[in-house]
Structure formats: C-alpha cells, structure tokens
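Here is the structure we will look at, set down as structure tokens.
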Amino acid sequence: MVSLKEKPDGSIMKSIDSNKTTNELIAFTKNAFKKEGYTDAVIGLSGGIDSATSCAVAIRALGVGHVFPVLMPYGALNDQGTKDARMVIDWLKISEKHVRTVNIQPMVDAAVNTIDAAMDEGRRGNIMARMRMVVLYDLAKVLRALVIGTENKTEHLLGYYTKFGDEASDIEPLRSLYKTQVYELARCLSVPKKILVKPPTAGLWEGQTDEGEFGFTYRDVDEVLSLHFEQHVSKEAIIKKGHDAKTIKRMWWWIEKGKFKDRLPVVL
C-alpha cells in the first residue's frame, strides 16, 4: 500500500498510490463487514478530513444506503464543523433519513457538574469524546451496525486520542495511513476543497487546532514518524540528519506520553 521515496536531501517521506490504496481500503472494509455478518455502518461525522475520507470509503464499500452518519455537536461550539459535516453529507448524496444529529452538551454538562464542575479543558474534552462514543455505540445497537472509526496512523503513534472515546470503533479504514497520506487519499476521492484546506481540529474547545496543540506540523512529524517507526532511525540519528532538536524532543514527548494507551489493559 505504501512506498518510500527518498528526497534529494536524503530524508525519507512516505507516499502512496492513491488509486491502489483506495481500492485496497474499499476491499478491506467490504471484507471486514462480510466476515462479521454486518451490512450497515455508523460513523461520527465531524466535518474534518479524517471522518470525511473514512465515510467516503465506507460508502464505496457498502453503498450509500448502508452508511449512517452521526453529527454530535456540543451546542454551538465548533459550529463550522457541523456545517462542514453537512457539506460532506450533501457531497456524498446521503439521504437525510440516514443522518442523525445528537447535541451532546446536556450529557457532557451533566457529567461535568456531577464529577467536578471546575475541571479543565482536557478533562472536559475527554468526556466529550467518550459521550460521542456512547452515542455511536447506542445507535449501532439499534441499527445492528458496526462503528466505522476515523483514526489515522499519526494520531495513533502520538497517542493523540481519547481511550474509549474517538479511538473506540469496530473497524479503522485509515489506521495504516499517516495524516499526510490521508490528504492524498482524500484528494483522490475528491473530498471537497474546503475540507482539504481547513486546519485540523478535534473541536473540543474554542480555538483548538491539532498542530497548535502539538507545537509542530503534521507534515514534519509524519516524516519523523516514518523515519523512526518504518526505518528504525533513533531520535539522536534523526536530529543528526538536520532536524530541529527542540522540535524532535517535543515530538518524542508526545510519542512517549501516549505509549501506555497501547499497553493497556494489563492482563495476567
């Protein structure tokens, strides 16, 4: 699915054959549903690049009549994301009767006020992500459907997800792709330009963006993650290649911070 191309400066970047990858992901999704005996899918649609791309793959694999998008705004927060999700629904020609909208604000606020009304944005964001998981799995139960995930490889390697929240799913079509590769795939699938150019955000608090929270860009971190996890190049060797030491240390903070998520739960 993925090939490595060496750039003139000797660094390695990942590239994909977008058409081939599209066909592989469609076949993967179709086979996974067939194996589990399901025909319908539920997916949280945020208006971002990952959910739009994952939804497009699901529709190509299962048919537009078998995909049920769920919009889960927190009141008016990230209202633009909700509008963009609606644009994706129109682009994919999904019937309105297949679309669900659930305002998670009453659920989240009730939980926050019950647990700790003074909790910070990070804790509140985790509750928001987990409430969305509750909605998706309840609807999947009603529809006898599987939950399609929207996580990419970059987010997973950085631990940039909430356990039992946005990482909870039954099938992850994009998990093998770095964020920059998701953009390549999205362009191949003709995802609307507005979705392609907007800054990625989890939409968990006002003004939040992924790259702002990271302190580095997806393009830069994807190259580093590729060097480390695909080519087994150490942090020290990556710095010697000319990458900014301060930025690499920041990336490693994210990598190390999230490792425990893959190790849990601990079993005998």
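Here's how it looks for PHE68: its modeled amide H is under 5 Å from those of ALA41, VAL42, ILE43, which are all 5 or more places away or on a different chain.
Residue-wise HN-Hα couplings along segment 86-97, as the Karplus relation 6.51 cos²θ - 1.76 cosθ + 1.60 with θ = phi - 60° gives them from phi, are 5, 5, 5, 4, 5, 4, 7, 6, 7, 5, 4, 5 Hz; Gly and Pro carry x. Structure shown: which of LYS179/LYS241; LYS34/LYS163; LYS35/LYS194; LYS198/LYS257 lie over 32 Å apart, alpha-carbon to alpha-carbon? Check vs 32 Å cut-off fails for LYS35/LYS194. Quick check: from the Cα gyration tensor, does segment 106-167 come out rounded (a/c under 1.5), prolate or oblate? In terms of gyration-tensor shape, oblate.
Distant-in-sequence amide contacts of GLY48, defined by a placed amide H-H separation under 5 Å and a gap of 5 or more residues or a different chain, comprise nothing. Residues considered: ALA168, ALA41, ALA110. Largest GNM mean-square fluctuation over the chain, using C-alpha springs under 10 Å, is found at ALA110. Sorted largest first, the spans of the alpha carbon positions of segment 110-268 along the three principal axes are 52, 42, 40 Å.
Which whole-number percent gives the relative contact order of the chain, counting Cα pairs below 8 Å spaced six or more residues apart? Averaging sequence separation for qualifying contacts and normalising by length gives 21 percent for the chain. Once the dipole of the chain is set up with Lys and Arg at +1 and Asp and Glu at -1 on Cβ about the Cα centre, which of GLY122, LEU71, ALA56 lies farthest towards its positive end? The one lying farthest along the dipole's positive direction is ALA56. Rounded to whole numbers, the Karplus 3J(HN,Hα) couplings from phi for segment 221-226 are 6, 5, 5, 5, 4, 5 Hz, using 6.51 cos²θ - 1.76 cosθ + 1.60 with θ = phi - 60°, and x at Gly and Pro. What you get for segment 137-268, charging only the Cβ of Lys and Arg (+1) and of Asp and Glu (-1), is a dipole of about 140 debye around the Cα centre. In the chain, the calculated helix contribution to ellipticity at 222 nm averages -16000 deg cm²/dmol per residue, counting -39,500 (n - 2.57) for every DSSP H run with n ≥ 4.
For segment 86-144, a crude dipole built from +1 on the beta carbon of Lys and Arg and -1 on the beta carbon of Asp and Glu, taken about the Cα centre, is about 380 debye to the nearest 20. The Cα trace of the chain gives Rg and Dmax of 18.8, 57 Å, the first to one decimal, the second as a whole number. Working from the Cα coordinates of segment 9-137, the gyration tensor eigenvalues give, after taking √(5λ), semi-axes of 30, 20, 15 Å in decreasing order.
Taking every alpha-carbon pair in segment 216-268 and binning the separations at 5 Å intervals from zero gives 4, 18, 28, 24, 11, 7, 5, 2, 0 percent.
Rounded to 0.05, the FRET efficiency of the ALA237 and GLU213 pair, given R0 = 30 Å and the Cβ-Cβ distance, is 0.65. Charge dipole of the chain (Cα centre as origin; +1 on each Lys and Arg Cβ, -1 on each Asp and Glu Cβ, all else neutral): 460 debye, rounded to the nearest 20.
Look at the dipole of the chain built from charges on Cβ: of VAL147, ILE104, MET131, the Cα furthest out on the positive end belongs to VAL147. Ordering GLN80, PHE33, THR247 by Cα displacement along the dipole of the chain toward the positive end leaves PHE33 in first place; charges were set at the Cβ atoms of Lys, Arg (+1) and Asp, Glu (-1).
Phi angles of segment 53-62 translate, via the Karplus equation with coefficients 6.51, -1.76, 1.60 and θ = phi - 60°, into HN-Hα couplings of 5, 4, 5, 4, 5, 4, 5, 5, 7, 10 Hz per residue; Gly and Pro are given as x. Ordered by 1.4 Å accessible area with all protein chains kept, CYS188, CYS55 run largest first as CYS188, CYS55.
The values are calculated or read from the model by the stated rules, or taken from the named source; none is laboratory data. From a predicted model like this one, the values you see are computed outputs, not experimental measurements. Quick reminder, even Gly has a Cβ in these numbers, built from the backbone with ideal geometry, and neighbours come from all protein chains shown. These accessible areas exclude ligands, DNA and RNA; they are computed on the full protein's heavy atoms, side chains included. Shrake-Rupley method; radii C 1.70, N 1.55, O 1.52, S 1.80 Å.
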